[in-house]
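Any read-out appearing in this document is the output of simple, stated calculations on the displayed coordinates, not a laboratory observation. These figures come from a predicted structure and were not determined experimentally. Glycine gets a Cβ as well: all are built from the backbone with ideal geometry, and neighbour counts include every protein chain shown.
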């Protein structure tokens, strides 16, 4: 009998505590206060938003103009313009900085097959899968074709190939946004391999 009373007392106390918790958590419907917040800094960022007023600067603007000559992170500054003169300058002055290794050659082949093969073909003869649809004219063969800018495709230099990858030419669009500078150089390395086949 004493054990039954203890169970009832403990049960009644638990119900009373639960009821008090439910009632105290409910608002009166007239306030927008959410009470205490857990981890407030997850909602309020420490940094300023670009369009937010900022008293740290004299003009009160957060998004300041970058200093002259700076380059954004991840942006590569290509010094040659998309002109015939720029193309020739790149040919004379722009050379592959990567060492010719098996890994770089293999990486270049993989990138070429992913980005260039649909038009230029696996062996570089202008017989890619898109060309086989007969909706696009074939690009010239790296080994035997004539470049639309003059000269033979097999004589293209590092700088000329890189310039064409960066800006594109004719129906070929620019691949500057798809390939990093290092990846472009690896593709250049593979194209030189195809020029000899």
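At-a-glance table
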item: FRET efficiency for residue 18 and residue 46, using Cβ-Cβ distance with R0 set to 45 Å, rounded to 0.05; result: 0.70
item: Dimensions in Å of the chain - Rg and Dmax from alpha carbons; result: 33.1, 108
item: The chain - percent relative contact order, Cα under 8 Å, separation 6 or more; result: 18 percent
item: Gain on full stretching of the segment that runs from residue 110 to residue 6 - 0.36 nm per residue minus C-alpha separation; result: 29.8 nm
item: FRET efficiency, residue 180 to residue 61 (Cβ-Cβ, R0 25 Å, nearest 0.05); result: 0.15
item: Extension gain from residue 146 to residue 73, taking 0.36 nm per residue of separation minus the Cα-Cα distance; result: 22.5 nm
item: Calculated diffusion of the range 145-184, Stokes-Einstein form, Kirkwood radius summed over Cα pairs, 20 °C and 1.002 mPa s, µm²/s; result: 201 µm²/s
